[in-house]
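See structure below.
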Amino acid sequence: MTKEHANWSPYDNNGGTCVAIAGAEYCVVAADTRMSSGYNILTRDYSKIAQLADKCSMASSGFQADVRALQKHLEARHLIYQHQHNKQMSTPAMAQLLSNTLYYKRFFPYYAFNVLGGLDSQGKGCVFTYDAVGSYERVGYSSQGSGSTLIMPFLDNQLKSPSPLLLPAKDAVTPLSESEAIDLVKTCFASATERDIYTGDKLEIVILNAEGIRREYMELRKD
Amino acid sequence: MFRNQYDTDVTTWSPAGRLFQVEYAMEAVKQGSAAIGLRSKTHVVLASVNKANSELSSHQKKIFKVDDHIGVAIAGLTADGRVLSRYMRSECINYSYSYESKLPVGRLVVQLADKAQVCTQRSWKRPYGVGLLVGGLDESGAHLYYNCPSGNYFEYQAFAIGSRSQAAKTYMERKFETFAESSRENLIKDALFALRETLQGEKLTSTICTVAVVGIGEAFHILDKETVQALINEFEIAGEEAPANEAAPEDQGGDAQPGGDVQPGAADQGPADEGVAPMDI
């Protein structure tokens with residue numbers, strides 16, 4: 001009477017956590033570099049962040065094989081766009097493309113939990129957060145992955161604007177400065193590393209601003 | 001060439017063993033405005049004459065970026081050229097996707113040639129009416145190829161196609177032995193000189209030509225009008241002197257000269273013959 005289940009799954013969860021925060025003139029995209037399977041660590045030094053365009057980065061946790069395939073697909077689509085339009089894709093355009101790409105595989109999804117971060121065409125930071133099948137929303141900050149349940153409430157506490165009923169509607173960007181945002185990200189990961197076994201080893205932070213793109217790293221607990 | 005009873009479709013041979021439709025397609029290339037290419041060991045330069053139909057219209061695009069390491073200049077039916085460029089871009093993207101490395105130029109031109117050949121052997125198709133000068137860099141060095149509507153392709157040190165291309169070829173025939181060791185700036189200047197030859201006395205300005213470069217450490221890109229005009233002004237002020245060999249003065253162009261490792265160049269022919277039936281080469 002009970003349904004027979006498959007003894008093999010096409011998916012695996014390689015764990016990890018991603019965070020992105022949008023600022024007035026910058027965007028921070030961060031992820032840990034631990035790749036796991038079950039209770040094992042596969043490597044301590046795997047980047048989950050892909051640079052899709054000059055001013056657009058995507059961090060993805062979940063099944064890294066699917067993540068890599070998704071990154072390659074988007075990179076190829078971006079090349080086509082550049083040939084046709086003679087310019088880079090804007091972050092909102094890439095956000096829509098990612099959503100469409102994910103939904104295309106609605107019935108055999110990419111097991112990827114993504115946050116897209118970048119600068120919009122006005123140079124303001126923007127972050128888009130996704131589920132595995134492409135539902136997305138522009139937000140001021142977001143986290144995905146195994147540590148997101150620990151990090152998201154903390155970001156809400158630090159960054160969420162007060163009730164819109166009391167104040168006029170605010171932009172979806174944080175008033176924090178770039179260095180404050182980076183410190184906040186480091187704090188988030190240090191905390192998540194304590195309690196989430198799948199998060200740790202090293203933190204990779206990508207910072208996008210008017211000058212370009214730069215990377216910072218921070219060691220995390222390795223246990 | 002004159003009309004005859006064997007030239008109606010591409011799948012009919014003439015008694016002399018020629019496919020006239022293919023030869024007519026190559027005629028279309030000769031009628032297009034000129035495009036030239038030349039290469040050194042480290043760089044490839046493509047240049048084309050871009051004349052607009054009228055003062056009101058924009059110029060026809062004749063040089064296309066195919067990938068960071070490959071570009072193409074076309075002459076003939078530019079619509080066919082656009083379609084083939086799109087194919088080439090797609091092939092490069094797919095190769096990069098599968099192999100995470102750049103498509104070697106030699107492979108791309110073979111695929112292009114095979115695609116052109118198909119159109120010479122299907123009764124419901126016609127040959128592409130465009131000649132392509134494919135310039136690119138890969139692990140084996142800098143390459144310049146010419147792809148014909150016939151499905152043939154050749155590698156060149158320098159070549160020119162389109163109307164009055166013979167004038168450019170004559171200029172390059174005199175100088176091609178210096179190209180291999182040429183600096184980037186001199187290569188571009190030679191390209192501009194060769195292009196000027198095709199204009200038969202008309203003044204060369206950056207509004208009627210397009211120049212593109214690819215080299216070691218330098219992705220394929222089209223030079224902007226100001227840079228091209230500056231280079232043209234330089235040699236016109238200098239009194240129509242063709243640039244000398246490597247002993248020439250340091251670069252005066254706006255772009256820095258990238259230092260690159262010298263790659264061994266492949267053995268190559270000079271410009272093609274034009275007397276024989278083209279497919280027979």
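The values are calculated or read from the model by the stated rules, or taken from the named source; none is laboratory data. None of these values were measured; they are calculated from a predicted model. Here the Cβ positions follow ideal geometry from the backbone for every residue, glycine too, while neighbour counts run over all protein chains shown. Note: areas computed on protein heavy atoms with side chains; ligands, DNA, RNA excluded. Shrake-Rupley method; radii C 1.70, N 1.55, O 1.52, S 1.80 Å.
Below are the figures for this structure:
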item	result
Pick from the stretch A:95-123, criterion within 13 Å of A:Gly134 (Cβ to Cβ) and among the aliphatic types (A, V, I, L, M), ranking: nearest to the other protein chains (Cβ to nearest Cβ)	A:Leu97
Filter pass, B:Ile63 being in contact with a helix residue (DSSP H, G or I) (Cβ under 7 Å, 6 or more places away or on another chain) and within 23 Å of A:Lys87 (Cβ to Cβ)	no
Subset tally (residues that are over 20 Å from the mean Cα position of the chain (by Cα) and touching a residue at least 12 places away in the same chain (Cβ under 8 Å)) for the stretch B:200-230	5
Conditions (1) within 14 Å of chain B (Cβ to nearest Cβ); (2) touching an Asp or Glu at 6+ places or on another chain (Cβ under 8 Å); (3) modelled with pLDDT under 95: number failed by A:Ala50	(3)
Residues of the stretch B:28-62 satisfying the condition of being more than 12 Å from B:Ile161 (Cβ to Cβ) and either touching a strand residue (DSSP E or B) at 6+ places or on another chain (Cβ under 6 Å) or charged (D, E, K, R) (or both)	B:Leu38, B:Arg39, B:Lys41, B:Thr42, B:His43, B:Val44, B:Val45, B:Asn50, B:Lys51, B:Glu55, B:Lys61
Strands (runs of 3 or more DSSP E) enclosed by the stretch B:68-184 - at least 3 residues per element that are more than 14 Å from chain A (Cβ to nearest Cβ) and open to solvent by less than 30 Å² (accessible area, probe 1.4 Å)	B:70-76, B:130-138, B:141-147, B:158-161
Matching residues in the stretch A:187-215 - criterion: being open to solvent by 50 Å² or more (accessible area, probe 1.4 Å) and farther than 16 Å from A:Arg44 by Cβ	A:Thr187, A:Ser191, A:Glu194, A:Arg195, A:Ala210, A:Glu211, A:Ile213, A:Arg214, A:Arg215
Subset of the stretch B:41-67 (residues that are over 24 Å from B:Cys148 (Cβ atoms) and either hydrophobic (A, V, I, L, M, F, W, C) or open to solvent by less than 10 Å² (accessible area, probe 1.4 Å) (or both))	B:His43, B:Ala52, B:Leu56
Strands (runs of 3 or more DSSP E) enclosed by the stretch A:1-44 - at least 1 residues per element that are open to solvent by 70 Å² or more (accessible area, probe 1.4 Å)	A:40-43
Qualifying residue in the stretch B:15-23 (condition: open to solvent by less than 10 Å² (accessible area, probe 1.4 Å) and either touching a strand residue (DSSP E or B) at 6+ places or on another chain (Cβ under 8 Å) or among the aliphatic types (A, V, I, L, M) (or both))	yes
Close pairs (8 angstrom Cβ cut-off, 6 or more residues apart or separate chains): within 12 Å of B:Asp68 (Cα to Cα) and without any contact (Cβ under 8 Å) to a residue 12 or more places away in the chain in the stretch B:95-109, of a type in the set (Phe, Trp, Tyr) and surrounded by 14 or more Cβ atoms within 10 Å (Cβ to Cβ) anywhere	B:Ser101/B:Tyr95
Unmet requirement for B:Lys61, which otherwise passes all of (1) closer than 22 Å to B:Ile222 by Cα; (2) within 14 Å of another protein chain (Cβ to nearest Cβ); (3) modelled with pLDDT of 95 or more	(3)
So A:Ser99, is it outside any helix (DSSP H, G or I), polar (S, T, N, Q), surrounded by 18 or more Cβ atoms within 10 Å (Cβ to Cβ) and touching a strand residue (DSSP E or B) at 6+ places or on another chain (Cβ under 6 Å)	no
Among the residues listed as A:Pro92, A:Pro153, the single one being over 14 Å from the mean Cα position of the chain (by Cα), away from chain B (no Cβ under 14 Å), farther than 27 Å from A:Tyr198 by Cβ and not in a strand (DSSP E or B)	A:Pro92
Hits in the stretch A:74-89 - residues which are open to solvent by 60 Å² or more (accessible area, probe 1.4 Å) and within 17 Å of the chain's Cα centre (by Cα)	A:Glu75
